[in-house]
Structure formats: structure tokens, C-alpha cells
Amino acid sequence: MSDIIISPSILSADFANLESELKALKEAGARWVHIDVMDGHFVPNITIGIPVVKSLRKITDLILDTHLMIENPEKYVEAFAKAGSDVITFHFETVKDISHAAEVISLIKSLGVKAGISIKPKTPPEEVLSLLDKTDLLLVMTVEPGFGGQEFMHDCAMKIPVIKENAPESLIIQVDGGVNNLTSKICTSLGANSLVAGSYIFKNDYKKAIESLY
């Protein structure tokens, strides 16, 4: 098995049957599942929240990779940690400055959860380089956050080598947005070691789709 972490996004799953969807993902070889949390403010869409994460924790032992696309993340990270998230990623664009970001990272880690930070397509990677030794995961968005099914933005992938060059070996460099069997190879060749895929996995045979991403 490759050391690339595949994190299927349940944004594209059948919400009426999440338990069976998670079982199918695990049988297909997934070890993580990506949970997109949107508040209708930071991004123009609303998705799932704390009660759903809590419910998912009861029915699966997959790593719950929670991506907070919300304003004021520090107000909610404790609740998401208590609900059962294993990884909590927040957006750099939602904090005031580097020191504020470092505080949120410390808060997440203090809850016994892996801390991630995400950057939108227009945010240069240089803005977060000083945080790479403090965080567990850096998520590069290769689409504008808020909706599934968007096309992969190739110029955003070019942030990956910059991050890789400045990151500790332990950093998980995750890519989210338009990931499929072709764009996944671009990302991993540039240094990414975690891929989020939603519509590509859920519109195909789960096992074959996941295997094609390696």
C-alpha cells in the first residue's frame, strides 16, 4: 500500500445513507474520510456540523478528517474535537495574522487532535511557511472552497513544491479540489502525500477509483 493518504470527501456521498457509504469506503481501502464543514459565511454554502460528526464517530473507525470552512474557527474546534474529529483543519484566511493562526493550531493540538491549516487558491504559500513546523497538515485548495465538482486549478498545484521544500518531513501535504486519476499524479509528483477526492470517487467504483489515485 502506498504511503499516500486518500481522504474521500463525503460532500459527494449519499447523505441519506452515510453509514453504508462509510462502510463501503472502508471496504474499498480508505482509511480517512474528509468532512467538509461550511457555514454559509466564509464560503457560500452550508453543509454538515458538529452533530453529524458525532454521529459518524459512533459508526466508523475511519480517521475523521474535518475541514472547517468557517469563520471564527477557534470558537468551534473544541466541539469538533469532542465530537470525534481526529484531524481539524481551519483556513488561514479566517485568522487575523500568523500569531493568531499559531494560537488556533496550539488550541487544536491541546485537544489531542492533529492540527491542519488550509490555503485558498489566491493565498501564496509563503504566507504560511513559518507555521509548517507547528502544524501537522497543510491543505492546498486547488479549487475555490465551497462546492464540489470543480475543475482542478493547475497553478495552485505549483504551491506544493514550495511547501515541500520548507516543511519538516512529518508534514502531511494535502490537496483538495478536482482530484482524479490524472490530477492526483501531478500532485504526488510535486510532493503531496494526501489527496482529497469527492465526486471522482463517488461517481465511480469506490475501490477502483481510490486505487487509481495512487
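Kindly flag which residue pairs out of LYS134/LYS185; LYS23/LYS134; LYS159/LYS203; LYS134/LYS208 have an alpha-carbon separation exceeding 30 Å in this structure. Before the final figure, lay out the partial values.
Working: LYS134/LYS185 27 Å; LYS23/LYS134 33 Å; LYS159/LYS203 28 Å; LYS134/LYS208 35 Å.
Too far apart for the 30 Å limit: LYS23/LYS134; LYS134/LYS208.
Using the charge dipole of the chain (Lys, Arg: +1 at Cβ; Asp, Glu: -1 at Cβ; taken about the Cα centre), state which of SER212, LEU107, VAL37 has its Cα farthest towards the positive end. So the residue we want is SER212. Between the alpha-carbon centres of the stretch 65-125 and the stretch 1-62 there is a gap of 17 Å.
Local charge for ILE35 was computed over the other residues whose Cβ lies under 13 Å away, with Lys and Arg +1 and Asp and Glu -1, and equals -3.
At 1.4 Å probe size, with the rest of the protein present, what percent of the exposed accessible area of the stretch 117-208 is carbon and sulfur atoms?
Values: 2090 of 4110 Å².
With neighbouring chains kept in place, the figure for the stretch 117-208 is 51 percent.
Secondary-structure-derived ellipticity at 222 nm for the chain, considering helices only, amounts to -9000 deg cm²/dmol, per-run term -39500 (n - 2.57) for DSSP H runs with n ≥ 4. Put simply, when 6-16, 96-106 are sorted by average Cβ atoms within 10 angstrom per residue, most first, you get 6-16, 96-106. With all protein chains kept in place, the per residue accessible area of the chain amounts to 45 square angstrom at a probe of 1.4 angstrom.
Given R₀ = 30 Å, what would the calculated FRET efficiency be for LEU111 paired with ASP205, taking r from the Cβ atoms and rounding to 0.05?
Details: r = 37 Å, r/R0 = 1.22.
With a Förster radius of 30 Å, E is 0.25.
Where in the stretch 154-168 does the label zone of LEU129 land, with the point 7 angstrom along Cα→C-beta and an amide N cut-off under 18 Å? Within reach of a label on LEU129, which here means backbone N under 18 Å from a point 7 Å along Cα→Cβ, the stretch 154-168 contributes 156-168. Kindly provide the pair-distance distribution of the stretch 143-183 built from C-alpha pairs, with 10 Å bins from 0 and whole-percent values in order of increasing distance. It works out to 26, 48, 25, 1, in whole percents. Above 24 angstrom, tally the Cα pairs of the stretch 9-143 and express them as a % of all pairs, no decimals. The answer is 27 percent, as a whole percent.
Over the C-alpha trace of the stretch 59-214, radius of gyration and Dmax come out as 15.0, 44 angstrom. Note on ILE48: accessible area is roughly 20 Å² with a 1.4 Å probe, heavy atoms of protein only.
Among DSSP beta bridges whose residues both lie in the chain, state the antiparallel percentage, nearest 5.
5 percent
How charged is the neighbourhood of THR89? Take every other residue with its Cβ under 12 Å from the Cβ of THR89, and add Lys/Arg as +1 and Asp/Glu as -1.
Numbers: positive: LYS114; negative: ASP36, ASP65, ASP86, ASP136, ASP176.
Charge balance in the 12 Å sphere: -4.
By DSSP, what percent of the beta bridges with both residues in the stretch 26-93 are antiparallel, rounded to the nearest 5? List each step's numbers first, then the result.
Numbers: 1 of 12 bridges.
Taking every DSSP beta bridge within the stretch 26-93, about 10 percent pair in antiparallel fashion.
What length, rounded to one decimal in nm, is gained on full extension from MET158 through to ALA16, with 0.36 nm per residue of separation minus their alpha-carbon distance? Kindly include the intermediate steps, with their values, before the conclusion.
Working: separation 142, 0.36 × 142 = 51.12 nm, distance 3.72 nm.
Value of the extension gain: 47.4 nm.
The values are calculated or read from the model by the stated rules, or taken from the named source; none is laboratory data. Not measured: the values here are computed from a predicted model. Don't worry about glycine lacking a Cβ; one is built from the backbone with ideal geometry, like all the others, and counts go over all protein chains shown. Quick note on the areas: whole protein, heavy atoms, side chains included, nothing else; ligands and nucleic acids left out. Shrake-Rupley method; radii C 1.70, N 1.55, O 1.52, S 1.80 Å.
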